[in-house]
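This report concerns only the one structure given below.
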Amino acid sequence: MWVQKFKTNELIFDDQETIIMLKFIFKNQHSNIDMLNVNDAVREFAQSLLVEAVDSSYAFGFIDSLFRAVTNPGDGVKKVLAKFGKKALKHWFKHATTQNLMSIKIYDRVREQLALNFGRVLLMHINGIAKQNENHFSMLAYSDADSKVIWG
């Protein structure tokens, strides 16, 4: 699973709103998130997770049994979601429409899966060791014939 990349001028949330969104996604990491140094990479991470949460929730569709599992966010999150709905660009989404963005709903299951998939990335941001807008690729090859490990 990957999340979308944003340019600095596309970032919508300020530091406080970024913290609110991260606490919304990562319900069990509030004390760690409070220690987080919010920079553009963290703001991009939070916004990327929100785009994925919204889009995945709309991909689920409105099945009645799932609808009852929609997260009911507090007032702080509602304000941030409203701001996001107004400023988000339509081309960021595969499934959500402009109309959907005016009343954002995020399924608990989607939020939980994002927290599971990206919890380690959050911890890397907290520890200051997350990659900063760089793509890294490496390869490890082992040759049994001459017992050498080759890094690429």
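Details
- Straightening the chain between residue 8 and residue 30 buys 5.4 nm, computed as 0.36 nm per residue apart minus the Cα-Cα spacing.
- Heavy-atom accessible area ranking, 1.4 Å probe, most first, across 5, 23: 5, 23
- Of the residues 31, 57, ranked by 1.4 Å probe accessible area with the largest first, the sequence reads 31, 57.
- Residue-span extension gain [residue 120 to residue 15] - 0.36 nm each, minus C-alpha spacing: 35.8 nm
- Residue 40-residue 78 pseudo-label distance in nm [points 7 Å out on the Cα-to-Cβ vector]: 3.4 nm
- Solvent exposure of residue 15, expressed as accessible area, is near 80 Å², computed with a probe of 1.4 Å over the protein chains only.
The values are calculated or read from the model by the stated rules, or taken from the named source; none is laboratory data. Predicted model, so just to flag it, every value in this text is computed and none were measured. Every residue, glycine as well, gets a Cβ built from its backbone with ideal geometry; the counts of neighbours run over all protein chains shown. Accessible surface is based on the protein model in full, side chains and every heavy atom, while ligands, DNA and RNA are left aside. Shrake-Rupley method; radii C 1.70, N 1.55, O 1.52, S 1.80 Å.
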